[in-house]
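The values are calculated or read from the model by the stated rules, or taken from the named source; none is laboratory data. Quantities reported herein were computed from a predicted structural model and do not represent experimental measurements. Every residue, glycine among them, receives a Cβ derived from its backbone with ideal geometry; neighbour counts consider all protein chains shown. Protein only, heavy atoms only, side chains kept; ligands, DNA and RNA dropped before computing areas. Shrake-Rupley method; radii C 1.70, N 1.55, O 1.52, S 1.80 Å.
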Amino acid sequence: MRTMLAASAVLALTGCAGLPAADPNQAWVDLQPAADDTLHALEVDERSWADTRYFEVTPGSHELTVRYQFAVAPGNIGPVDEPLWRDCQLNVKFKDFNAGQRYQLQAGSIGFRPWAKLYNEQRKLVGTGLPAGCQRT
């Protein structure tokens, strides 16, 4: 049991070790997909963002674009046995990013409809996302 806990801790730390240190003059946005889904950073203000794991932006107003991939359960589709995978882009606009603050962008779906929500450090909802387009995968 101890070996399993130690291995889990090492894996968790390894995943975080690859992220750069947060710049105190920037706002940091962590990404959190729903279980079994993927969420990737794509663009800031319609410009490509190099690292798909997070966003780091200057203070002020920005539009973040993420790629969200999720499965639609067979019960939401009809008489089928397999889930239908969707690949969507979502845009989240927020006008008041603050330097040194961490934000969390969460994504999920209700049936075919994806959603995104942006929270500040106090877990207050500060922005929501709109789908920019979806396709089947």
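Things worth noting here:
- Pick from the range 29-81, criterion of a type in the set (S, T, N, Q) and in a strand (DSSP E or B), ranking: least open to solvent (accessible area, probe 1.4 Å): 65
- Close pairs from the range 88-108: first of a type in the set (Lys, Arg), partner assigned to a strand (DSSP E or B), Cβ under 6 Å, at least 6 apart: 93/63; 95/61; 102/28
- Single residue of the range 92-103 satisfying the filter (under 16 Å from the mean Cα position of the chain (by Cα) and open to solvent by 40 Å² or more (accessible area, probe 1.4 Å)) that is farthest from residue 23 (Cα to Cα): 93
- Whichever residue in the range 109-137 is free of Cβ contacts under 8 Å to residues at least 24 places away in the same chain and not in a strand (DSSP E or B) and, among such residues, is nearest to residue 44 (Cα to Cα): 120
- Matching option when the condition is at pLDDT 95 or above, open to solvent by 60 Å² or more (accessible area, probe 1.4 Å), part of a strand (DSSP E or B) and in contact with a Lys or Arg (Cβ under 9 Å, 6 or more places away or on another chain), among 106, 89: 89
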